[in-house]
Structure formats: C-alpha cells, structure tokens
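Q: A single structure is presented below for examination.
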Amino acid sequence: LLLQEAQESIEAARSYRRELQQRLRGLRQARDQIKESATLTRDVLEQHFNDLKGTLKKLLDERLLSLLQEVDVIEQESIKPLDECQKLIEHGVSTADDLLREGESAVNGDVGQENEKLCNFTKKALHIQLDSLPEVPSLVDVPCLSAQLDDCLLTILKNQIFRHGTVASRPPVQLEEFVEKPGGILVRWCKVDEDFAPQDYRLQYRKGTASHFEDAYVGSDTEFMVLHIDPNVDYQFRVCARGDGRQEWSPWSVPQLGRTTLVPHEWTAGLEGYSLSSRRNIALRNDSQSCGVLYSKAPTYFCGQTLTFRQVLFGELIETVGQPDRRDSLGVCVEQQNGYNSLQRDKAVCISTNGAVFVNGKEMTNQLPAVTSGSTVTFDMEVVQLGPCSSEGGNFKLRVTISSNNREVVFDWVLDQCCGSLYFGCSFSYPGWKVLVF
C-alpha cells in the first residue's frame, strides 16, 4: 500500500512538473513575443520617422527653390525696364556732354569762325530736343520684394507631429480559427476590442519563412477561404482592421501558423469538351461538340466515417454560365462511369442547373433555385450506418445537405456499399460554363 501511494505521488509529481514546464514554455513564448514585437515596433518607428524627415527636408528644399526662383523672375522682370531707361539716360548724358563741349568751343573759338560754329551748334541743339527727358518711375511705383512667412506653420507642424503615431499593446482583432480544406484553409478572425468599430478587415499570408506577406482578402467578412495552399506546408497568417470612417489600418494581429493536410480537388485532364486551369481546379465547357461527365482526378471528397458529424464541405462556384440544359449536373458519385452525359444516374446525387435535385437518377420533389452566374452550390455529407458494413458491401446511408442561393435540401442517400470517399463531377451540354471546385 505504501509502495502504491509512493508511485501515485511520483506520477502526480511528474504530471505537476510537466504542467509547470509547459507553463514555463508559455511564459518564454510570451516574453519572446513581447521582445520581438517591441524590436519590430522600434524598427518601424525609426524607419517611418527617418522617411518623414527625409521627405520633409525634400519638400522644404523644393519649396525654398520655388520661392527663390520666383524672386529671381520678379527681380529680372522689374529691373529690365530700369536698365533700358538707364541706358537711355546715360546716352543722353553723353550726348549732352558732347554738346556742351561743342558749344563752349564755339563760344570761345576764333572770331572768324565764331558765327559758323555758333550757327552749327544752335542747329544741333535744336535737333537734339533738349527739353525732352525720359520718364523715371518713382520708388512707390517699382517692386519692393519681401518674404511673407507664416510663423504658425511651426505651431501646426509641432501639434501634428506630437499627435502623429501611436503605440498599441494589443491589436483590435485576432485570428480565431483555421479550418482545413482541400487545397485551402478557411481562416476566421474576431474582434477583441469592444470599443473598436471595424469597417473593413485585411487578411495577409505568406508561405513558410517567406520575407513578404501578400494580401488574401480585404472586406467586411470575418472569414475567408484562402485557396492555392500546398498541403502539409506551414503558412503564416495575420489580420488587421480599419475603423469606421478611418483610412489607416490598425496594428496587425499576432501572426499564427495554419496548414492543410488535404490535397486539393482536381478535375481529370484530357476529357474532350472541357478545358482546365493550370491547377486543374477550374473547368470550362468549351466549344467542342463532344459531351460527357467530367470527373475528379481522384475520390478526394471525404464524408464522415463514424456516427459523428464531420462537416466536410464540397463547393462549386459558378463563375460564368452558358445556355442551360435539363441534363446539366453538378454533384458527387461513388465511382466514375463512362458513357454517360449526365450525373443523373445510379450511385450519384446531383443538382441540375435549373435547380432540380436527383438521387440515383430520380428527381426529388424538392427543388432549389436555378444555378446562375455567381451561384455557390455546396454538398455536406455525414455517414449514417444502418447495418454491418464489410468489404462485400452492406446497408450504408449518407445524410446529404445540398445548399444553393441560401436554400437547402436534406435527404438520406442509401448505398449498397461502404463509401469513405467520393468522386465529384459535372456535365454541361452547352459551352460557356466555368466551374471552380474547392
């Protein structure tokens, strides 16, 4: 008994130590987050204000240069007529000097030549028009340059600078949940600051240790399906928000890692009548006359394999539409069967573009809205096993929910064999239909 009590105490001590070590790791992670975010914030602040100083100096230099050029233009335009007037006056002074010397010489000359010199001087003086003087502007009529500098600019800049920038200890939104999808991750986030009124959210992600984040979504929703995600690879996500009526974004949330282990859905390549995108997740019904059912490359749509619900969504987004036909179909099936031009057959459930629902080739009485441009069709399935199931087959039931345009139908699909995974497929009679599967 003592030995048993001692062993129990030892196990309790081990459990207590493990819990303490786990909490110690949590504290270290919290400390690292504070230090890393503080270092990053310092770098961002220093870079931002250095950029501001550089930009402000550049703007001030450009403004100073502009004002100096304006002074140069006014000075040159104002002095030019004065220079011309000065040349005219200086020429008049020179002419008057010459005339004075000639007159004095005529007056003081020889008696015999006095009359002729006086006569020539008088004629010359009359020709020069000694009573005509150029107009000289008064000082009040010429420009007097000065600089008007508003001292309140410094006050305005000072007030703006002192209010510029804030340091937040917690962002107003945080990432909440990552849901694995085939070739994608459904990212959800939530508001954690009750006083913050968000108008838009901005979600970014980057692969592994890539240096730059890229935008995945900007809008008012609080979740987004990020597609083109490689399976079994870590991606880093972050989200921020913009307040109502504001232009600037809030601080980023704490970056978190997300990944998906589910391989992406792909259409089978090579079927005449359909053209595929590079990732083979988009199928376009082309102009070929050949028609048939385009299946998935593999049975990658998994439904639940136990009695519990397993919300595995299958969605098809209709990007563009062609001419509808009653044989058109979107759905899932147990196996690929060639030779059919529609999924409206045995061992398949599907919806036609007119909204009719078919189970094993039979049309149900319930009908969904017609599939139009921008429609989203989703299939949800959960396993309900009615009896023993073996490799030879058995009584097997799937509860199916098909949703389209905010309406849904729910029914049970009874199969004669166990199905852990299903193929998906589509068929269109006319060109123009374009389907993205994810």
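Q: Just the accessible area for Cys152, please: 1.4 Å probe, Å², rounded to the nearest 10?
A: Here the accessible area works out near 60 Å².
Q: How large, in percent, is the carbon and sulfur part of the accessible surface of the chain at a probe radius of 1.4 Å?
A: Ligands and nucleic acids excluded, carbon and sulfur reach 53 percent.
Q: Then there is this: State the extension gain, in nm to one decimal, for the chain segment bounded by His164 and Val233, taking 0.36 nm per residue of separation less the distance between their alpha-carbons.
A: 20.9 nm
Q: Using 0.36 nm per residue of separation minus the Cα-Cα distance, give me the extension gain between Glu177 and Lys80 in nm, one decimal.
A: Here the answer is 27.3 nm.
Q: Could you give me the ³J(HN,Hα) list for the range 183-198, computed from phi with Karplus coefficients 6.51, -1.76, 1.60 and θ = phi - 60°, whole Hz, x at Gly and Pro?
A: x, x, 9, 7, 9, 10, 9, 8, 7, 10, 9, 5, 7, 8, 10, x
Q: Still on this model: By how many nm would the segment from Thr372 to Arg399 lengthen if fully extended, with 0.36 nm per residue of separation less the alpha-carbon distance?
A: So the chain would gain 7.1 nm between Thr372 and Arg399.
Q: Let me ask something else about it. Hey, what's the range 166-310 come to in accessible area per residue, 1.4 Å probe, Å²? Intermediate results must be reported in sequence, preceding the final value.
A: Details: 8000 Å² over 145 residues.
On a per-residue basis, 55 Å².
Q: Further question: Please get the size of the charge dipole for the chain, origin at its Cα centre, with Cβ charges of +1 on Lys and Arg and -1 on Asp and Glu, quoted in debye to the nearest 20.
A: It works out to roughly 3060 debye.
Q: Using a 1.4 angstrom probe on the protein heavy atoms only, line up Tyr217, Tyr301 by accessible area, largest first. The partial results should precede the final answer.
A: Details: Tyr217 35, Tyr301 0 Å².
So the residues, ranked largest to smallest area, are Tyr217, Tyr301.
Q: Could you work out how far apart the two model spin labels at Glu62 and Asp97 are, taking each label as a point 7 Å from the Cα in the direction of the beta carbon, and quote it in nm?
A: The modelled label-to-label distance comes out at 5.3 nm.
Q: Further question: Please work out how much accessible surface Leu88 shows to a 1.4 Å probe, ignoring ligands, DNA and RNA, in Å² rounded to 10.
A: Roughly 100 Å² of Leu88 is accessible to a 1.4 Å probe.
Q: Oh, and also: How large is the helix-only mean residue ellipticity at 222 nm for the chain, computed as the sum of -39500 (n - 2.57) over DSSP H runs with n ≥ 4, divided by its residue count, in deg cm²/dmol to the nearest 500?
A: My calculation for the chain gives -11500 deg cm²/dmol from helical runs alone.
Q: Candidates [x] 2.00; [y] 0.98; [z] 1.08; which is the computed Cα Rg over 2.2 N^0.38 Å?
A: [x]
Q: Then there's this: Quick one: how many Å² of Trp249 are accessible to a 1.4 Å probe, rounded to 10?
A: 70
Q: Please give every one of the aspartates and glutamates within straight-line cross-link reach of Lys181, meaning a C-alpha to C-alpha distance under 19 Å, and leave out same-chain neighbours fewer than 8 residues apart.
A: Here the aspartates and glutamates satisfying the reach criterion relative to Lys181 are Asp221, Glu223, Asp230, Asp234, Glu266, Glu316, Asp380, Glu382.
Q: Also, quick follow-up: Work out the FRET efficiency for Val384 and Met364 from their Cβ-Cβ distance, taking R0 = 22 Å, and round it to the nearest 0.05.
A: 0.75
Q: Considering only Cα-Cα distances, which of the following residue pairs are longer than 26 Å: Lys35/Lys58; Lys80/Lys124; Lys297/Lys397; Lys191/Lys434?
A: From Lys35/Lys58; Lys80/Lys124; Lys297/Lys397; Lys191/Lys434, over 26 Å: Lys35/Lys58; Lys80/Lys124; Lys191/Lys434.
Q: Once you put a point 7 Å from the Cα of Glu194 and another 7 Å from the Cα of Val71, both along the Cβ direction, what distance in nm separates them?
A: Here the answer is 6.1 nm between the modelled labels.
Q: If you don't mind, another one. Label-point separation (nm) for Glu272 and Leu157, each offset 7 Å from Cα along Cα-to-Cβ?
A: 7.5
Q: For the range 103-254, compute Rg over Rh where Rg is the Cα radius of gyration and Rh is the Kirkwood radius from the inverse mean 1/r over Cα pairs. Each step should come with its number before you reach the end.
A: Values: Rg = 43.2 Å, Rh = 23.5 Å.
When Rh is taken as the Kirkwood radius, the ratio is 1.84.
Q: How far, in degrees from 0 to 90, does helix 2-107 lean away from the longest principal axis of the Cα atoms of the chain, to the nearest 10?
A: Once rounded, one gets 20 degrees.
The values are calculated or read from the model by the stated rules, or taken from the named source; none is laboratory data. Here the structure is a predicted model, which means the values were calculated and not measured. We place every Cβ from the backbone using ideal geometry, glycine too, and count neighbours over all the protein chains shown. When the accessible area is computed, the model is the full protein with side chains, heavy atoms only, and any ligands, DNA or RNA have been set aside. Shrake-Rupley method; radii C 1.70, N 1.55, O 1.52, S 1.80 Å.
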